[in-house]
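Here the structure is laid out as structure tokens; the discussion comes afterwards.
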Amino acid sequence: QKWRPFCLRFEGVVEDFNYGTLLRLDCRKDYTEENTIFATRIQFFAIEIARNREGCNSVVYSSAREPAAATAEE
């Protein structure tokens, strides 16, 4: 109910804004049954943008870069 006015502002602006998608509760962990909820696409975008602005996803970014850097050194 709280998200509905926010989500409706993107109708016609963001394609498929109200389609469902999976969202991680804790962005430092992988997608698991315990760490995943169902959200609308615009909720996913809003939460991920906020996480990026606050640096919350830097842990995921760094962990993904480490294996690539190790492979490049070989």
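The values are calculated or read from the model by the stated rules, or taken from the named source; none is laboratory data. This one's a predicted model, so the numbers in the text were calculated from it and none came from an experiment. Cβ coordinates were reconstructed from backbone atoms using ideal geometry, including for glycine residues, and neighbour counts include every protein chain displayed. In case anyone asks, the SASA skips ligands and DNA or RNA and just uses the protein heavy atoms, side chains included. Shrake-Rupley method; radii C 1.70, N 1.55, O 1.52, S 1.80 Å.
How charged is the neighbourhood of residue 32? Take every other residue with its Cβ under 11 Å from the Cβ of residue 32, and add Lys/Arg as +1 and Asp/Glu as -1. Numbers along the way, then the final one.
Values: positive: 24, 29; negative: 26, 30, 33, 34.
After counting each charged neighbour, the total is -2.
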Original post:
Which percent of the accessible heavy-atom area of the chain goes to carbon and sulfur, probe 1.4 angstrom?
Top reply: 54
Subject >> Per-q log10 I(q)/I(0), region 2-66, q = 0.20, 0.28, 0.29 Å⁻¹ (Debye; single scatterer per alpha-carbon; no solvent) >> reply: -0.85, -1.19, -1.22
**OP:** May I ask which residue of 3, 39, 62 lies farthest towards the positive end of the charge dipole of region 2-66, with charges of +1 (Lys, Arg) and -1 (Asp, Glu) on Cβ and the Cα centre as origin?
**Re:** 3
Original post:
Tilt of helix 41-53 relative to the longest C-alpha principal axis of the chain, in degrees (0 to 90, nearest 10)?
Top reply: 50
